[in-house]
């Protein structure tokens with residue numbers, strides 16, 4: 001069974017008081033770590049030490065700046081013993097450790113009782129982290145030179161794909177191939193814009209993907225009415241989606 005627990009469903013501007021997009025898969029795998037990741041996990045009574053792997057799609061603050069707070073919690077509040085795996089774009093270890101050191105000096109060098117293992121994505125092959133098979137796909141997220149990746153992970157006989165922040169592109173369809181669930185950026189509620197998928201593009205994406213792939217929209221600037229789109233759901237803060 002798949003269980004997706006959304007810790008937030010909004011974009012960087014948190015419109016309408018909704019929180020930054022992130023979700024926890026089957027209680028063990030965290031996709032992106034916004035600044036609210038620790039309080040939201042605690043609010044939902046999810047043990048923070050249950051997280052085994054964290055996938056970072058790209059280095060915009062609403063997608064990774066919760067990590068220093070999580071590492072602080074592991075040191076002082078909820079001691080961790082099992083190793084933690086962090087997957088991300090090239091340079092992920094330096095970015096995360098430097099951000100942690102900036103936020104809480106000496107924390108990155110503290111003896112925390114566990115090891116942090118960093119893995120850089122390799123888009124040319126399937127990779128394995130903590131016995132979880134996954135593949136990273138480069139996503140189009142503007143032309144500013146920022147590397148952004150989507151992830152496709154395999155759990156038993158189920159496949160979950162996550163776009164991170166992404167524009168409408170052929171890369172998105174390559175990522176979604178064979179997925180049971182596609183968690184997809186849908187930033188723009190009206191019209192179209194740069195860097196992200198818009199709601200106006202969702203019908204075309206739905207048409208091109210098989211109905212066996214459930215699409216969950218997230219990273220939204222407003223509530224979206226998906227009632228006319230078969231097999232399309234809209235995430236909400238703290239929503240849980242389960243698929244047998």
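Selection of first residues in the range 163-182 that are under 15 Å from residue 208 (Cα atoms) and of second residues that are surrounded by 15 or more Cβ atoms within 10 Å (Cβ to Cβ) and at pLDDT below 95, restricted to Cβ pairs under 6 Å at least 6 apart or on distinct chains, gives the following pairs, ordered by first then second residue: 169/140. The single condition among (1) at pLDDT 95 or above; (2) farther than 14 Å from residue 54 by Cα that residue 136 does not meet is (2). Within the bounds of the range 181-195, is there any residue that is in contact with a strand residue (DSSP E or B) (Cβ under 7 Å, 6 or more places away or on another chain) and at pLDDT below 95? For the range 181-195, residues in contact with a strand residue (DSSP E or B) (Cβ under 7 Å, 6 or more places away or on another chain) and at pLDDT below 95: present. The residues on offer are 62, 98, and the sole one that is at pLDDT 95 or above, more than 22 Å from residue 132 (Cβ to Cβ), touching a helix residue (DSSP H, G or I) at 6+ places or on another chain (Cβ under 9 Å) and part of a helix (DSSP H, G or I) is 98. Confirm whether residue 70 is assigned to a helix (DSSP H, G or I), at pLDDT 95 or above and surrounded by fewer than 18 Cβ atoms within 10 Å (Cβ to Cβ). It is false that residue 70 is assigned to a helix (DSSP H, G or I), at pLDDT 95 or above and surrounded by fewer than 18 Cβ atoms within 10 Å (Cβ to Cβ). The set of residues in the range 209-242 being part of a loop (DSSP other than H, G, I, E, B), within 21 Å of residue 170 (Cα to Cα) and under 17 Å from the mean Cα position of the chain (by Cα) consists of 219 alone. Does residue 232 count as crowded, with 18+ Cβ neighbours inside 10 Å, touching a strand residue (DSSP E or B) at 6+ places or on another chain (Cβ under 9 Å) and touching a residue at least 12 places away in the same chain (Cβ under 8 Å)? Yes: the conditions hold for residue 232.
Using beta carbons and a limit of 7 Å, which pairs, at least six apart or on different chains, have the first residue in the range 121-133 and free of Cβ contacts under 8 Å to residues at least 12 places away in the same chain and at negative phi and the second one surrounded by fewer than 17 Cβ atoms within 10 Å (Cβ to Cβ) and not in a loop (DSSP other than H, G, I, E, B)? Hits for this filter: 126/133. Give the residues of the range 182-208 that are surrounded by fewer than 18 Cβ atoms within 10 Å (Cβ to Cβ), touching a helix residue (DSSP H, G or I) at 6+ places or on another chain (Cβ under 8 Å) and not in a helix (DSSP H, G or I), sorted by residue number. Once the filter is applied, which keeps residues that are surrounded by fewer than 18 Cβ atoms within 10 Å (Cβ to Cβ), touching a helix residue (DSSP H, G or I) at 6+ places or on another chain (Cβ under 8 Å) and not in a helix (DSSP H, G or I), the range 182-208 yields 189, 190, 191, 192.
The values are calculated or read from the model by the stated rules, or taken from the named source; none is laboratory data. No experiment lies behind these values; they were computed from the predicted model shown. As a convention, Cβ positions derive from the backbone with ideal geometry for all residues, glycine included, and neighbour counts pool all protein chains shown.
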